[in-house]
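The values are calculated or read from the model by the stated rules, or taken from the named source; none is laboratory data. None of the values given here were measured: they were computed from a predicted structure. Reconstructed Cβ throughout: ideal geometry from the backbone, glycine too, with neighbour counts over all protein chains shown. Note: accessible area is taken over every heavy atom of the protein model, side chains too, but ligands, DNA and RNA are not part of it. Shrake-Rupley method; radii C 1.70, N 1.55, O 1.52, S 1.80 Å.
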Amino acid sequence: MATSERDRKWWILGVLCLTLLTIVLDNTVLNVAVPTLMEDLDASTADVQWVINAYSLALAGFLIASGGMADHFGRKRALFAGLTLFGIGSLTGALADSVGTLVAARVTMGLGASLLMPATLAVLMHVFGDEERMKAIGIWMAVSAAGMAGGPVIGGFLLAHFWWGSVFLINVPIALVGLVAIAWLVPESRNPHSERPDFVGLPLSVLGMVSLVWAVIAAPEHGWTDAMVLGPLVVAVTAMAVFAVWERRTPHPMLDMSLFAERRFTGAALGGLLAAFGMGGSLFLLTQQLQFVLGYSPLETGLRIVPFAVALLVGSGAASAPLGKRIGLARTVALSMVVAALGLCAIAATSDSGYGWTLPGLIVVGFAMGTAGPAAGAALMSAIPPARAGTASGVNGTLQELGTGLGVAGLGAALVARFDAGLPSVLPDGAEESLPAALAAAGGRAEEVRDAFVSALETSQYLGALAVAVGGVAAGALLGWAGREPTEPPTPVGAVLSGDPEDPDRHSTV
């Protein structure tokens, strides 16, 4: 391969990472703008929840369908469409003068992001060969983590110097640059076996996933037994059951259900789901620890999470690939996630001891998850043919979005329940909903309230650590089991023989 072709691959990765960074930044940069939004748009707490959740609802709800459409119509087209929608939504959001307009803008941005996320990973799979793929996935995941940690910092800086719409407006020039770079650098790729779209499976998957995400978002506020949660859950279960039956019977499925019989895919996906549950919930709790217990502002909190992102970047880019080659993907995933769980336990055990004690745990967790992520991603993508990379990465992205949402809901509920149990009985109902509310009603018993919150926070963080550890052990076991299976027939599971001699994936093995 010519040097220029090698360079081109890494330039393409740079474009994909820039696109991904924009998506992830927007999912976190808005959090620090909430007080300003409420003041300038005269928005209620419920209004702001809709502004934040509309993005997640559209993103997670359409990921599987968007991945399938990218495989059918082309990943480059999906990147174009997604970045265009994201740019239009960002511009609309920046200029919005009402909550309704801002919610519509966030939905548009979420739809664009649902096209971009699976397409970026699918293009990466298409461009990079076996030797370089794990390193490329590591960089891709590290950029995602950097965006999550950098969002509050960038948001705080913009709000200190500009109006709240600037947190959206910064996406517009990035989208324009991305569109030009995609047109110039990124090759088109698609599933050569996809003869026509799955017009039945697509709406079923959207209905099922949107209903499920709606229920997960509504659960912390209404409770799992409320009709606002149970109704969407029933719709979600019914739609996904019909979807599964249809996909098994149709000759042109959007999602090949046999993927879930492949232990590498199932193991990596299960590990990713539980890791997202534990990490998403634990990071949600960490922000409360830093702000409510240690007394930092939102911007100071964002800055103190940066070491986590830096450690994750180092683990993804420098440690994951060498460790995976030395001890294997299964052991790398299991060992790294167990170490990450120990780091979360260290954070929980020192939650009231100051940031100096929290920092080492953050670094351990970041490095370990950075090592685990690319290994799990490489294992998952090795279980599928490149032709279906968009759909599979959409499934993986959906599971991680759901895991994060369930982690926030589940560990948040555990925090409230444990906090309520530890509060003095004289406090009024509703005081357990937040530490500020409890302190306002505590009178002379503020120290008891604070101790109850710290204890509840610690217990919930331990639950998050347990989820990460279980995910690591389960993923390692399934991946190791798959690695011991016989290799017959001779063509590997990840091999594609498309029948088209011009198809670059024809003889590729992931």
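Miscellaneous remarks
- Cα gyration tensor shape for the stretch 164-274, rounded if a/c is under 1.5, else prolate or oblate: oblate
- Heavy-atom SASA rank of Thr101, Thr371 (probe 1.4 Å, accessible area, largest first): Thr101, Thr371
- For Ser66, the accessible surface of its heavy atoms amounts to roughly 0 Å² (probe 1.4 Å, protein chains only, rounded to the nearest 10).
- Measuring with a 1.4 angstrom probe and ignoring ligands and nucleic acids, Glu132 comes out at about 50 Å² accessible.
- Surface calculation, 1.4 Å probe, protein heavy atoms: Phe162 sits at approximately 120 Å² accessible.
- Sequence of Arg75, Arg263, Arg331 from largest to smallest accessible area, 1.4 Å probe: Arg331, Arg263, Arg75
- What the Cβ-Cβ distance of Ala417 and Val177 gives, at R0 = 35 Å and to the nearest 0.05, is a FRET efficiency of 0.15.
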